[in-house]
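Following: one structure in structure tokens, then a few remarks.
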Amino acid sequence: MISDSDKYFPTRFRSVAVITSALHAEGLPSDPAQVQQPILVCTAHIHWDPEFCDVKLIQTMMLSNELRSILDQAGQSFRPGHKPDSSNVQLLLCGDFNSLPDSGVIEFLTSGRVAADHRDFKDLAYKSCLQKISGCDKPNEFTHSFKLASAYSEDIMPYTNYTFDFKGIIDYIFYSKQSMVPLGLLGPLSADWFREHKVVGCPHPHVPSDHFPLLVELEMTPTVGTSNGLISRR
């Protein structure tokens, strides 16, 4: 995916993302009342190198800007004849963000803001460019309007990436916390199993990837109105 915001940054800042929207199996029906709950699902792969924490954060900000553009467009099209409202489209964001829980990337996604002088920017002069692709409620911070929460926490999943020289959380599932609630999660592999089989890193004959699978079951409260036959938002 290459977005409009790419024009502000060189190639190394570009991330890879696959975005799909679940609006209707065969496009928009002729009757707006038949439109079901729209969901925007995105999976992304952010830059890997730990030395480039600034690139990771800017890629994530570019991604959120592109998601906002898609949601704004969807809000105008998925219910013809109704007032545009992108908040009716729910967001599910997944991927390998190559970022630890205390990074600027995760702070930005979960809190909705990051300081303009955050350490991950490395004191480099990004501010003028970032102001063009990110919300700025205050002069010293960048924001986004999504209300996201991570389905996994460190006490549930101590690591999602398990190699010989690195073990940590870098993969995530983020959901719209105002309209979704996790009901269940796929937990980690047993630490006892790793010790018994002397697995010090993956890939391994019994574990083909160094990234462990994440799976969450979510309960979703529809955010569309009652006019389409669905219950209203709680």
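The values are calculated or read from the model by the stated rules, or taken from the named source; none is laboratory data. Note that the coordinates shown come from a computational prediction; the quantities given were computed from them, not determined experimentally. Glycine gets a Cβ as well: all are built from the backbone with ideal geometry, and neighbour counts include every protein chain shown. Heavy atoms of the whole protein, side chains included, go into the accessibility calculation; ligands, DNA and RNA do not. Shrake-Rupley method; radii C 1.70, N 1.55, O 1.52, S 1.80 Å.
So here's what we get for this one:
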| read-out | value |
| --- | --- |
| Those residues of the stretch 150-166 which are out of contact with any Gly (no Cβ under 8 Å at 6 or more places or on another chain) and surrounded by fewer than 18 Cβ atoms within 10 Å (Cβ to Cβ), in sequence order | Ser153, Glu154, Asp155, Pro158, Phe166 |
| Answer residue from the stretch 126-149, given it is in contact with a strand residue (DSSP E or B) (Cβ under 7 Å, 6 or more places away or on another chain) and open to solvent by 40 Å² or more (accessible area, probe 1.4 Å) and is nearest to Pro50 (Cα to Cα) among those | Asn140 |
| Residues of the stretch 167-187 classified as open to solvent by less than 70 Å² (accessible area, probe 1.4 Å) and under 22 Å from Pro50 (Cα atoms), total | 7 |
| Of all residues making up the stretch 100-125, the number that are open to solvent by 30 Å² or more (accessible area, probe 1.4 Å) and under 20 Å from Ala44 (Cβ atoms) | 7 |
| Any hit, the stretch 153-175, residues being hydrophobic (A, V, I, L, M, F, W, C), over 29 Å from Asp117 (Cα atoms) and in contact with a Phe, Trp or Tyr (Cβ under 8 Å, 6 or more places away or on another chain) | yes |
| Among residues of the stretch 190-219, those that are within 25 Å of His45 (Cβ to Cβ), touching a residue at least 24 places away in the same chain (Cβ under 8 Å), in a loop (DSSP other than H, G, I, E, B) and open to solvent by 70 Å² or more (accessible area, probe 1.4 Å), counted | 2 |
| The stretch 170-220, residues that are among the acidic types (Asp, Glu) and closer than 30 Å to Leu91 by Cβ | Asp171, Asp210, Glu217, Glu219 |
